[in-house]
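The values are calculated or read from the model by the stated rules, or taken from the named source; none is laboratory data. Keep in mind that this is a model prediction, so the values were computed, not measured. Glycine gets a Cβ as well: all are built from the backbone with ideal geometry, and neighbour counts include every protein chain shown. Just so you know, the surface numbers come from the protein's heavy atoms only, side chains and all, with ligands and any DNA or RNA stripped out. Shrake-Rupley method; radii C 1.70, N 1.55, O 1.52, S 1.80 Å.
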Amino acid sequence: MNDQVRRRLGIFIGVGLAGGLLPGITLGAETVDAALSLLVAAVVLTVLTQLVHVGPSGRVPLPVLGALGAVGFVQDALIWWLLSWLGPKLSDLRIEGLATILLAALITRATVLLLSQLTSTVEIAED
């Protein structure tokens with residue numbers, strides 16, 4: 001699995017976790033509306049992070065991973081902030097409060113970094 005696929009999968013999983021775990025993120029009342037809201041958030045995050053890619057390519061040392069994670073966290077927080085404004089216009093997605101935005105960004109970035117490092121480890125072990 002290449003880096004780009006891992007990044008996208010990490011974003012989709014991170015958005016799903018943030019949407020399911022954080023009480024400040026309100027999805028649609030119906031199951032279809034909730035799924036659509038999560039899909040909109042994941043697509044917006046994926047597109048914008050692909051335009052400005054900040055993240056590791058494969059396994060990197062811990063200090064570099066920390067620096068890339070911090071920069072990526074800021075990027076994700078800004079995108080979640082954009083989603084707090086854009087979400088109600090596109091779907092039933094509502095994001096309330098700066099703390100929710102920061103926690104959603106933390107969950108998303110941690111998932112992306114964890115998946116990129118774990119998948120690299122598994123591929124190296126298989127070779």
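Considering VAL64, VAL52, VAL15, VAL44, the condition of being in contact with a helix residue (DSSP H, G or I) (Cβ under 8 Å, 6 or more places away or on another chain) and loosely packed, with under 14 Cβ neighbours inside 10 Å is satisfied by VAL52 alone. Of everything in region 18-35 that is open to solvent by 50 Å² or more (accessible area, probe 1.4 Å), in a helix (DSSP H, G or I) and closer than 17 Å to ALA105 by Cβ, the residue that is modelled with the lowest pLDDT is GLY20. The residues of region 67-95 that are surrounded by fewer than 15 Cβ atoms within 10 Å (Cβ to Cβ), among the β-branched types (Val, Ile, Thr) and within 13 Å of the chain's Cα centre (by Cα) amount to a single one, VAL74.
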